[in-house]
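Just below is one structure, and these are the notes that go with it.
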Amino acid sequence: MSARLRVVLDQLTHVVDADQASAALDLASALVKTAPSGCVVEAIVAAGSEPSIEGLAEVRRLPLARRELAASWQLGLTQGLGGGLIHSATLMAPLVRHDRVHDHDQTTATAWDLLAWDAPDSLSKTAVSWQRAMLKRAVKHADAVVVPSHAMAERMSEIAKLGDRIRVIAGAAPAGLVVPLDAAARRKALSLPAGYIVMTGSERTLDSGFRAAVAAGIEAVVLDAAEGSEPRFAEIAAAAGLPESRAHIRGVLSRDDRAAVFAGASALVATSGLPAWPWRVVEAMTLGVPVIAVESGVHRDVIADGGAIVDAADVPDAVVDALGSGARRLSVLAADRSRAFSWLGAAERVWGLHADL
């Protein structure tokens, strides 16, 4: 295989989703490191962006900023970007008609979640409209759409008529995810208690996690809470029997802050079963944190035997076990399972995808 793979890096200066922005950079770096003989990696970026990735053969800066670029690509206006092999680690891709057979042009996009279809109320109306429009363009013009789990591939096939163009390539934890030396100071700055469980989910699902904290007699730290949701989450905790003083609601944190939070956690409780890549689950497993997750296809795919997957009603009992006799076993299982996910492995599969196409 000899090719120039052009990778879209659209969130270098205007970050819309921090996890997806980090994943795109990690994947691009891994693509450079795993490039087959004779192949190189280029970057396509919005105006004013500068990727800090060693080994890129070229950087193509487009004349539009990210916001304007997203709007124009939604309409199929690609500003003479040209063809070649283009891979996007998000749905932000120049999806237009091209000739894969004769000109060897390929365009692939990635969907990390299907919330715009299965939980539209969790996103802004603008985000829902944009994602749905981009998937419609992908149905017409993408050579493949990548999703990170087989359960999501099944759901995607119900949403969009993509046939065999749906491919599964899992994500991984952020590069450099380790417990920082100043972890204790970071937890203090975040006003966290000495002992707690970490929780992820929405106001529809967090009740099981709060009840688990009550059953285990421990405090709870909620990550990734949307701005302004703190009062509502505190109400849900109180209704489950967890006083507001023992429910710590935090928003989006940096990679190092998250690592520090996980380092002080007794377990992670993932309460949402929606079709979305479980970023925090993979991070927790990477750091050897016991994982308890509600039953879902995505959790089955990702966690497998690396944690406890239970019905929502059984989360409290599972957490009590994870904080007691099952703690060591679940920690080892989590760390072992995390080795199944790496950006180098994902990059090799992306190269393989374009070779197959």
Along Cα→Cβ, 7 Å out, is where each label goes; now give me the distance between the ones at Ala340 and Ala313 in nm to one decimal. 2.8
Using Cα centres only, tell me the gap between segment 246-267 and segment 53-127 in whole Å. 32
If r is the Cβ-Cβ distance from Ile159 to Ser129 and R0 is 22 Å, what FRET efficiency results, to the nearest 0.05? 0.90
Report the one residue of Met199, Ala293, Ser254 whose Cα lies farthest in the direction of the positive end of the charge dipole of segment 183-338 (charges on C-beta: Lys and Arg +1, Asp and Glu -1; origin at the Cα centre). Ser254
Cβ-based net charge around Ala46, under 11 Å, with every Lys or Arg adding one and every Asp or Glu removing one: +1
Select from segment 1-61 those GluC sites (Glu not before Pro) which occupy a DSSP coil region and have at most 14 other Cβ atoms within 10 Å, ordered by residue number. Glu54
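Calculate, in nm to one decimal, what Lys33 and Ala194 gain on full extension: separation in residues at 0.36 nm each, minus their alpha carbon distance. All intermediate terms of the calculation are to be shown ahead of the outcome.
Details: separation 161, 0.36 × 161 = 57.96 nm, distance 4.06 nm.
Extra length from Lys33 to Ala194 when fully extended: 53.9 nm.
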Near Lys125, which lysines are there with a Cα under 21 Å away, not counting those fewer than 8 places off in the same chain? Lys136
Indicate the gyration tensor shape class of segment 183-338 (rounded, prolate or oblate), computed on the Cα atoms with a ≥ b ≥ c the square roots of the eigenvalues: a/c under 1.5 is rounded; otherwise a/b larger than b/c is prolate and the rest oblate. rounded
Could you tell me how far the Cα centroid of segment 326-356 sits from the Cα centroid of segment 24-47, in Å? 20
Sorted by chain and number, the residues with a modelled amide H under 5 Å from that of His248, at a separation of 5 or more or across chains, are Ala220, Val221, Val222
When a/c is below 1.5 the answer is rounded, else prolate if a/b is larger than b/c, else oblate, so apply that to segment 24-179 with a ≥ b ≥ c taken from the square roots of the Cα gyration tensor eigenvalues. rounded
Counting only C-alpha contacts under 8 Å and six or more residues apart, can you give the relative contact order of the chain as a whole percent? 16
In degrees from 0 to 90, rounded to the nearest 10, what is the angle of the helix 343-356 Cα long axis to the longest principal axis of the chain? 30
With a ≥ b ≥ c taken as the square roots of the eigenvalues of the C-alpha gyration tensor of segment 1-86, please select rounded if a/c is under 1.5 and otherwise prolate if a/b is larger than b/c or oblate if it is not? oblate
Quick one: Karplus J couplings for segment 116-132, per residue in order, coefficients 6.51, -1.76, 1.60, θ = phi - 60°, nearest Hz, x for Gly and Pro? 4, 9, 9, 8, x, 6, 8, 10, 6, 4, 5, 5, 4, 4, 5, 5, 5
What are the ³J(HN,Hα) couplings of segment 40-48, residue after residue, when phi is run through the Karplus curve with 6.51, -1.76, 1.60 and θ = phi - 60°? Round to Hz, x for glycine and proline. 9, 10, 10, 10, 10, 10, 6, 4, x
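What's the local net charge at Ala238, with K and R +1, D and E -1, over the other residues with C-beta under 14 Å away?
Working: positive: Arg211, Arg232, Arg246; negative: Glu203, Asp207, Glu219, Glu230, Glu235, Glu244.
Once all neighbours under 14 Å are counted, the net charge is -3.
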Stretched fully, the stretch from Ser52 through Ala175 gains (0.36 nm per residue minus C-alpha distance, one decimal, in nm) 42.9 nm
Take the Cβ-Cβ distance between Gln79 and Glu244 as r, set R0 to 51 Å, and report the resulting FRET efficiency rounded to the nearest 0.05. 0.50
Need one number: nm distance between label points at Val59 and Leu253, each 7 Å from Cα along Cα→Cβ, rounded to one decimal. 3.1
Let me know the charge dipole size of the chain about its Cα centre in debye, to the nearest 20, where only the beta-carbon of Lys, Arg (+1) and Asp, Glu (-1) is charged. 520
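Coordinate-derived values only; no laboratory data. All values derive from a computational prediction rather than experimental measurement. Because the Cβ atoms are built from the backbone with ideal geometry, glycine has one as well, and the counts that use them run over all protein chains shown.
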